[in-house]
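The structure appears right after this line, and notes come after that.
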């Protein structure tokens with residue numbers, strides 16, 4: 001897998017930019033870890049397709065707020081625009097899952113998934129970690145440098 005904007009993320013981005021009357025922009029996104037070697041997410045995948053998120057009682061997805069320093073944007077060296085999420089720290093002291101990817105999800109009322117007027121969590125984008133990590137061997141995992149680049 002490569003970092004990808006999912007169908008539900010594309011819908012959100014287009015509506016947020018061009019049709020504010022059709023969407024209520026949330027104030028934050030949720031960010032979590034999973035094993036894409038097992039889940040094999042595709043462009044049309046959504047939050048429910050993630051089956052390998054760590055299950056330890058201490059693990060919890062993290063939140064990044066849009067109106068804070070949780071995001072930095074800029075033009076990178078190759079001339080493409082990107083957004084980088086501030087470091088996210090996960091307590092993995094009782095998790096044993098292997099993880100090789102992260103997800104970013106956003107809550108909104110999606111036509112693509114026929115939410116019918118009730119906002120729900122949907123994949124915005126997913127990305128690869130630099131390697132596979134065995135959470136059984138670490139008590140804390142820091143997601144650093146995660147983000148999305150549009151080229």
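Coordinate-derived values only; no laboratory data. Just so you know, these numbers come straight off a predicted model, no measurement behind them. With ideal geometry, Cβ positions are generated from the backbone for all residues, glycine too; neighbour counts draw on all protein chains shown.
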Quiz prompt | Solvent-free Debye scattering, log10 I(q)/I(0), computed from the Cα coordinates of the stretch 1-69 at q = 0.11, 0.14, 0.22 Å⁻¹ | solution = -0.35, -0.56, -1.13
Quiz prompt | Full-stretch length increase - residue 140, residue 78 - with 0.36 nm per residue and alpha-carbon distance subtracted | solution = 19.1 nm
Practice problem: Run the quick spin-label model on residue 28 and residue 132: label points 7 Å from Cα toward the beta carbon, then report their separation in nm to one decimal. | Solution: 3.2
Exercise. Could you let me know the centre-to-centre spacing of the stretch 118-139 and the stretch 45-81, using Cα atoms, in angstrom?
Key: 8
Exercise. Bin width 10 Å, alpha-carbon pairs only: give the P(r) of the chain as whole percents, running from 0 to the bin holding the largest distance.
Key: 11, 40, 36, 12, 1
Practice problem: Please give the calculated 222 nm ellipticity per residue for the chain, where each DSSP H segment of at least 4 residues contributes -39500 (n - 2.57) and the sum is spread over every residue; nearest 500 deg cm²/dmol? | Solution: -3000 deg cm²/dmol
Quiz item: Relative to the longest principal Cα axis of the chain, at what angle does helix 7-18 sit, 0 to 90 degrees, rounded to 10?
Solution: 40
